Amino acid sequence: MIDILIDVTLLAFLAITAIAILRIHNLFAVIMLFGIFSLLSAGVFVVLDAADVAFTEASVGAGISTVLMLGTLALTRGHHEKPPAHRPWLPLVVVLVTGAALVYGTVDIPGFGDPATPAQQHVAPRYLEQGQAETGVPNIVTAVLASYRGYDTLGEVTVIFTAGIGVLLLLGRRRRDKASKDEQP
Amino acid sequence: MKHDLILRVLAKLLIPVIVLFALYVQFHGDYGPGGGFQAGVIFSVAFIFYALVFGLDSAERVIPAGVLRVLASLGVLIYAGVGVITLFKGGNFLDYDVLSQNPVAGQHLGILVIELGVGITVSAVMLIIFFTFAGRGRD
């Protein structure tokens, strides 16, 4: 009973935050609402027993990306959204149709935590039964991430590294470019 | 932000706690929730907080841009290096069993070391991105 209450409360707050993001045109407030949205999502992940994902969502979604968006906002001039130039009927229809298709799709999704789903029967039982004996790590998420799926995690770290290099190449040349400094707005 | 006394005092109180929590998440990731990604982000948040309160210049004196670039590469190097070491020890790439006499101990060691690599790269890259964005508005 209390589970349903928490679920409904979190989802209601998510919906309210999403509508508020749509309605408000002050970009500073929108960024703050994005942070709140991420934090609420982290709460949903905790309810789903995905503590590691919730942790990532709270620190990256609500923390770092909010700071980065604020930093970007400080670089740009207008702090208000421009009023829309055309009527929103076509986007509204597209969103409604896509949303209806997605809701229709959830009918076929197996129930939450159902042990008979294909995703739970492939390699997951092996990880859950043998994981601690094979890796000596009680947190199965860490065991899967770092050992069984070590290649994938190496790829993810390389992606982050590449993102850093990309930002440095595109934006990080202010010190050496003394000559072009005057041309910058 | 030269005169925000409350912010400065609070920052001095909070930053050590944030760093300590990041290290806890980093090295306790195999027992509780967390790991290199989360720890790296939390670690970088401590420095971003410092930069927000005490100014970008003093933050860049604490951790210079050159050091950050070396750290970002070092993390990936540690991760891939573990894979190369396992190759030399006769296993597959990133097969931690061969790192120690006991396969389970080898796995545990391998996971700890690669999580450290992940943490170093993630925190360095987050700081690089923040400093680059924040530094751009300055000139």
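The values are calculated or read from the model by the stated rules, or taken from the named source; none is laboratory data. Only a predicted model underlies this, so the values are computations on that prediction, with no experimental measurement involved. Here the Cβ is made from the backbone with ideal geometry for all residues, glycine too, and neighbour counts use every protein chain on show. Surface areas here come from the heavy atoms of the whole protein model, side chains and all, with no ligands, DNA or RNA. Shrake-Rupley method; radii C 1.70, N 1.55, O 1.52, S 1.80 Å.
Taking the Cα centre of the protein assembly as shown as origin and assigning +1 to Lys and Arg Cβ atoms and -1 to Asp and Glu Cβ atoms, the resulting dipole is close to 1660 debye.
Note on A:Tyr148: accessible area approximately 60 square angstrom, rounded to 10, probe 1.4 Å, nucleic acids and ligands left out. Binning all Cα-Cα separations of chain A at 10 Å, short to long from zero, yields these whole-percent fractions: 7, 19, 29, 27, 13, 5, 0. Overall shape: oblate for the stretch B:28-81, with the ratio a/c of the largest to smallest alpha carbon gyration tensor axis at 1.5 or above and b/c at least equal to a/b.
With the cut-off at 1.5 for a/c, could you classify the protein assembly as shown from its C-alpha gyration tensor as rounded, prolate or oblate? Judged from the Cα gyration tensor, the protein assembly as shown comes out oblate (a/c at least 1.5, b/c at or above a/b). Other protein chain C-beta atoms within 10 Å of residue C-beta, averaged over A:161-170: 5. Summary of packing: across the peptides A:58-67, A:99-108, the per-residue average of other C-beta atoms within 10 Å ranks them, highest first, as A:58-67, A:99-108.
Chain A packed on chain B takes about 4100 Å² of accessible surface away from a 1.4 Å probe, both sides summed. Centre-to-centre, using Cα atoms only, the stretch A:112-163 and the stretch B:82-136 are separated by 16 Å. For peptide A:65-76, the mean count of partner chain Cβ atoms within 10 Å of a residue's Cβ comes to 4.
Compared with the dominant principal axis of the Cα atoms in chain A, helix A:27-47 is inclined by about 10°. What FRET efficiency, computed as 1/(1 + (r/R0)^6) with R0 = 25 Å and r the Cβ-Cβ distance, is obtained for A:Ile4 and A:Ala51, rounded to the nearest 0.05? It comes out at approximately 0.75.
Of interest is the spacing of the C-alpha centroids, which for the stretch B:43-61 and the stretch B:7-22 amounts to 11 Å. Rounded to the nearest 20 debye, the dipole magnitude of chain A is 1220 debye, with +1 charges on Lys and Arg beta carbons, -1 on Asp and Glu beta carbons, and the Cα centre as origin. Each Lys and Arg contributes +1 and each Asp and Glu -1, all at the Cβ; summed about the Cα centre of the stretch A:1-81, the dipole is approximately 460 debye.
Think of the stretch A:116-174 as a dipole: +1 on every Lys or Arg Cβ, -1 on every Asp or Glu Cβ, centred on the Cα centre; then among A:Ala133, A:Gly155, A:Ala143, A:Gly155 lies furthest on the positive end.
The portion of the accessible surface of the protein assembly as shown made up by carbon and sulfur, rounded to a whole percent, is 71 (1.4 Å probe; DNA, RNA and ligands excluded).
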